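The values are calculated or read from the model by the stated rules, or taken from the named source; none is laboratory data. If you're wondering where the values come from, they're calculated on a predicted model, not measured in any experiment. Reconstructed Cβ throughout: ideal geometry from the backbone, glycine too, with neighbour counts over all protein chains shown. The protein model used for the area step is the full one, side chains on, heavy atoms only, and it has no ligands, DNA or RNA in it. Shrake-Rupley method; radii C 1.70, N 1.55, O 1.52, S 1.80 Å.
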Amino acid sequence: MTQPLRNVGRPKNLYIEAMRSIKDAIFQGDYAPGESLPSEKDLSLLLGVSRPVLREALRALQTQGFLDVRRGSRGGTYITDLSNISIRDNLEDLLRIGKLSMTDLTQARLLLEPEVFRLAAQNATEEQLSEMETLVHQGSVTKDPKRKIQIESDFHRKVATASGSPIYIRFMQTIFDFMEVFAVNIQPEDFQVHDKRDHEEIFNALKLRDGELVAKLTKRHAEKVTKMMIKLEKQWLKNLEAHESQ
């Protein structure tokens with residue numbers, strides 16, 4: 001390791017902070033794939049946490065795919081090649097280390113979402129359409145940028161649910177869980193991802209149960225959002241690089 005790990009101090013969730021410190025050391029290149037971490041005793045001293053807290057952090061990182069715990073004479077805790085990191089739980093980490101890009105994520109959305117919305121036009125119940133209409137209205141009148149993102153994401157989730165496809169619902173839930181968190185945490189207040197008219201147009205086509213029009217509008221909407229999210233990702237990575245170089 002070229003730099004000492006950051007002591008986590010005394011926050012409420014010590015194991016989470018210990019995880020974050022270890023991740024930061026990995027991302028900054030202090031540990032390379034295949035390299036082992038210091039012993040449990042040394043690592044607990046470096047981080048300033050108890051060994052039970054450290055073990056909890058290491059177990060979580062192993063579950064997420066960051067670490068490989070080996071037994072035997074050559075045992076120890078090793079950094080993985082990071083190719084098995086859980087996408088659902090660690091999309092932001094995958095973006096940070098270049099194992100995934102916003103282009104990858106939005107391309108998947110671009111392929112899936114028009115078909116999901118087409119199915120929703122066929123299968124949505126009147127109750128689901130009413131709930132979508134409420135979300136469209138709320139999104140149009142809400143001034144708070146973060147709340148607006150949450151409402152707009154909920155609209156996409158609601159339409160995915162109305163498709164009736166368990167597989168599509170899971171895929172779209174994963175994509176929008178991440179995109180919402182990313183946009184809420186990263187998006188500057190003057191940065192608009194959505195065209196406020198898009199959801200209204202899409203909903204009107206859903207209400208008419210015009211699957212072809214819904215798919216066309218959804219594809220156009222996803223293409224516009226893709227460009228904005230890629231721009232946002234570049235800005236975030238640039239800011240992250242500047243912060244880490246300080």
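In the range 32-57, the residues that are under 18 Å from E17 (Cα atoms) form Cβ pairs under 8 Å with partners that are at pLDDT 90 or above and in a loop (DSSP other than H, G, I, E, B), at six or more places apart or across chains, as follows: L43/L37; S44/S50; L46/P38; A57/V49. The set of residues in the range 165-174 being assigned to a helix (DSSP H, G or I) and within 13 Å of V116 (Cα to Cα) consists of P166, I167, Y168, I169, R170, F171, M172, Q173.
So E113 passes all but one of these: (1) free of Cβ contacts under 8 Å to residues at least 60 places away in the same chain; (2) open to solvent by less than 20 Å² (accessible area, probe 1.4 Å); (3) within 15 Å of K216 (Cα to Cα). Which condition number does it fail? For E113, the exception is condition (1). Taken over the range 133-164, the criterion of being assigned to a helix (DSSP H, G or I) and either of a type in the set (D, E, K, R) or out of contact with any helix residue (DSSP H, G or I) (no Cβ under 8 Å at 6 or more places or on another chain) (or both) is satisfied by E133, T134, H137, V141, P145, K146, R147, K148, E152, D154, R157, K158. Just for the range 61-111: of the residues that are of a type in the set (K, R) and within 16 Å of the chain's Cα centre (by Cα), which one is modelled with the lowest pLDDT? Taking the candidates together, the pick is R88. Of all residues in the range 136-150, one or more are crowded, with 17+ Cβ neighbours inside 10 Å and at pLDDT 95 or above.
When you scan the range 187-204, do you find a residue that is over 23 Å from A124 (Cβ atoms), touching a helix residue (DSSP H, G or I) at 6+ places or on another chain (Cβ under 7 Å) and buried (at least 18 other Cβ atoms within 10 Å of the Cβ), even just one? Before the answer, list the steps.
At the first step, the residues of the range 187-204 found to be over 23 Å from A124 (Cβ atoms) are 187-193.
Applying the additional criterion that residues be touching a helix residue (DSSP H, G or I) at 6+ places or on another chain (Cβ under 7 Å) yields 187, 189, 191, 193.
Filter once more, keeping what is buried (at least 18 other Cβ atoms within 10 Å of the Cβ): 187, 193.
Among the residues of the range 187-204, at least one is over 23 Å from A124 (Cβ atoms), touching a helix residue (DSSP H, G or I) at 6+ places or on another chain (Cβ under 7 Å) and buried (at least 18 other Cβ atoms within 10 Å of the Cβ), which makes the answer yes.
For E131, are the conditions met, namely being open to solvent by 30 Å² or more (accessible area, probe 1.4 Å), within 20 Å of K216 (Cα to Cα) and of a type in the set (D, E, K, R)?
Values: open to solvent by 30 Å² or more (accessible area, probe 1.4 Å): yes; within 20 Å of K216 (Cα to Cα): no; of a type in the set (D, E, K, R): yes.
No.
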